[in-house]
Every structure is written in structure tokens, then in C-alpha cells.
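So the structure is just underneath, and the comments pick up after that.
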Amino acid sequence: GSVVTGTDATSVRSQVNANADAGANFIKVRVDDNLGRTAKMSTELIDVLIAEAHQRRLPVAVHLFYLDDAKYILEAGADLIAHSIRDAAVDGELLNLIQTNDVCYISTLTREVSAFIYEDEPAFFADPFFLKEADENVLNQLRSPERQSRIRSSASAQAYKAGLEVAMANLSMLSNEGVRIAMGTDSGPPARFQGYFSHMEMQMMVDAGMSPLDVIRSATAVAADCINANDVGTLEPGKWGDLIVLEMSPLTDIANTKTIEGVWLAGNRVSD
């Protein structure tokens, strides 16, 4: 479905119900001012949205940036935090709200990376695993000196770079406290390379202090649980036979998720 962007109670309810009628599994809302450049949805409308979504028995996922907004949406009954808290260190109050409400946290660290990494040519442009699927035309656009200069001088790009450091520290704290972390990348827009950014995300989660095993779980069983998908995520009778066979163990080095020997979907091997 679409992100709910209503500007009054009637339009918010209408958009929630349109998504529900279309068969959406979640209602998503942005509670973010794009680093002060746009207005956020008011708390009154957030309350209306959550109430209407729950009336339709749908969970609410919230795109956010700020610690105070995270506290408010959790108190209001939101069900999923999409994107890291990037303005301040999470505190005991926030941790208690997450744990009390059993809410999942999706850090999407590579979303931040994509905002500033192309100020220069990134190291992964030389990664053979990346280059196997990369579009040379896209890479040449990202290598453009004019584009790189714009990013270097962009206040928002540099703010997101600083926000990544906060996000990494917050992920470390929350994972250490047993919060359910689901791996996600926010890939899809240009220069957020689908597939490759999943491997990068997992590496960054390890760099933030999570164990490789916990990161693998975050990308499989925990992620499935967080989106209420009961038929995927683990290898068990009655679930989809979706799996990746690796040549080397990611438990010793998360980068070994790139050593893909074979992929199976619904029990059928995908041809190369």
C-alpha cells in the first residue's frame, strides 16, 4: 500500500481504509521532517492513524528519525520502528517502551550510507561480487565529479553521515539489551543497490557489535516474525523451502554470505 500522508483526520482515515481494502499487511506513516525541511505529521493525526489501523486489525510501521518521536509513537501504540533513531542516543525510557510493547527495530544503516557515500568513489565499486550485477552506466553517473561535488557540499548528506554514527551506537545498545532487530536496507531508490546492500547491511550490523549469528537471524527468522510472516524465515516442515547454500561459514565471517553456491525457492534450485 501507500504511505499515509493525510493532512486531516478524514483523509488519514480514508487512506488507512484504502490500504486495508487493497489488502495491505501494514500501515506505514512517515514521522520525519527531512532534517527540518518539511512538516511532520501532527501527534493528533498519528493518534487517529494508529486507532484506525488497529480498528482494521493492521499493525503500524513508522518511518522516523528522532528519539522523541520514537517515544511518542510507541506510547501511542505503533507496532514497528522503521529506520534508526539518528539524532540522539537511545535511553532507558525508550528501551523500556520497546521492550514493554515488544516492538521490532529495523536499523536500515545502508539507507544512511546511500545519502553520502557517493561523495567519492566507494570502495565497493571494486568488489567483484558487486560488479557481477552492476550497471556500468549507473556507476559512471555516480562517478561524475559534478555529482560527487554536490554531495560533498550537501548539508543533508553530511547530516546523514553524522546520523549514521548515532545509528550504529543505538543499534549496538538495543541489540545488547535483547531488542528484536530485523535486517532491512530501504533499497529500491536509485543507488541503493538491491541485493548487494543486504550484504553490506549485515556487515555493518556486525561492525556495530552484533554477532554474525544474530545478524543472520535478524535477516531470516526475526525479520519474518517482525512482519508476521509465519511460513518463511526458518527451515521447518510446512514452511517455504527458500534457502541459500554458502561455500564458507558466515558464522566466522559475515562477509561469507557472498560465497553463494546455490539458491532454492520453494524447494526448487534457481538456475544461474
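The orientation-averaged shadow of the Cα convex hull for the chain, equal to a quarter of the hull surface, comes to 15.7 nm². Among residues other than D21 with Cβ under 15 Å from its Cβ, the summed charge is +2 (Lys and Arg +1, Asp and Glu -1). The portion of the accessible surface of the chain made up by carbon and sulfur, rounded to a whole percent, is 51 (1.4 Å probe; DNA, RNA and ligands excluded). Distance between the C-alpha centres of the stretch 17-79 and the stretch 143-175: 25 Å, rounded to the whole angstrom.
Binning the alpha carbon pair distances of the stretch 76-181 at 10 angstrom intervals from zero yields the distribution 14, 35, 26, 18, 7, expressed in whole percent. So which of K40/K161; K71/K132; K161/K258 end up more than 32 Å apart by C-alpha? Check vs 32 Å cut-off fails for K71/K132. Rg ratio for the stretch 70-110: its Cα radius of gyration over 2.2 N^0.38 Å, N being its residue count, equals 1.08. Scanning residues 5 or more positions from L246 or on other chains, those with amide H under 5 Å from its amide H are E261, with H placed 1.01 Å from N in the peptide plane. Summed over qualifying helices (DSSP H, 4 residues or more, each -39500 (n - 2.57)) and divided by its residue number, the chain shows a 222 nm mean residue ellipticity of -13000 deg cm²/dmol. Think of a 1.4 Å ball rolled over the protein heavy atoms: the stretch 1-89 then has 45 Å² of accessible area per residue. State which stretch of the chain is the longest one without any exposed GluC sites (Glu not before Pro), exposure meaning a DSSP loop state and at most 16 other Cβ atoms within 10 Å. With a cap of 16 other Cβ atoms within 10 Å, the longest stretch comes to 1-132. Using the empirical formula 2.2 N^0.38 Å as the baseline, the Cα radius of gyration of the stretch 1-123 reaches a ratio of 1.11. Highest mobility in the GNM of the chain, judged by mean-square fluctuation with C-alpha springs under 10 Å and restricted to I151, I254, I98, is found for I151.
Checking every one of the trypsin sites (Lys or Arg not before Pro) in the stretch 48-139 against DSSP loop status and a limit of 15 other Cβ atoms within 10 Å picks out R56, R57, K132. Summary value for the chain: 12 percent relative contact order, contacts being C-alpha pairs under 8 angstrom separated by 6+ residues. For the stretch 109-152, the per residue solvent-accessible surface stands at 56 Å², with DNA, RNA and ligands left out and a 1.4 Å probe. Here the stretch 193-250 is treated as an ellipsoid with the same Cα gyration tensor; its semi-axes, largest first and in whole Å, are 21, 14, 12.
Across the options S11, V29, M210, the greatest Cα extent toward the positive end of the charge dipole of the chain (unit charges at beta carbon of Lys, Arg, Asp, Glu) belongs to S11. Measuring with a 1.4 angstrom probe and ignoring ligands and nucleic acids, T43 comes out at about 60 Å² accessible. Ordered from largest to smallest accessible area (heavy atoms of protein chains, 1.4 Å probe), the residues H83, H54 come out as H54, H83.
Round to the nearest 10 and report in Å² the accessible area of W240, as given by a 1.4 Å probe over the protein chains' heavy atoms. Looks like 130 Å² after rounding. Surface calculation, 1.4 Å probe, protein heavy atoms: T7 sits at approximately 120 Å² accessible. Charged neighbours of G163, selected by a Cβ distance under 13 Å, balance to -1 (K, R count +1; D, E count -1).
The values are calculated or read from the model by the stated rules, or taken from the named source; none is laboratory data. This is a predicted model, so every value here is computed, not measured. Cβ atoms come from the backbone with ideal geometry, glycine included; neighbour counts cover every protein chain shown. Accessible surface areas use protein heavy atoms only, side chains included; no ligands, DNA or RNA. Shrake-Rupley method; radii C 1.70, N 1.55, O 1.52, S 1.80 Å.
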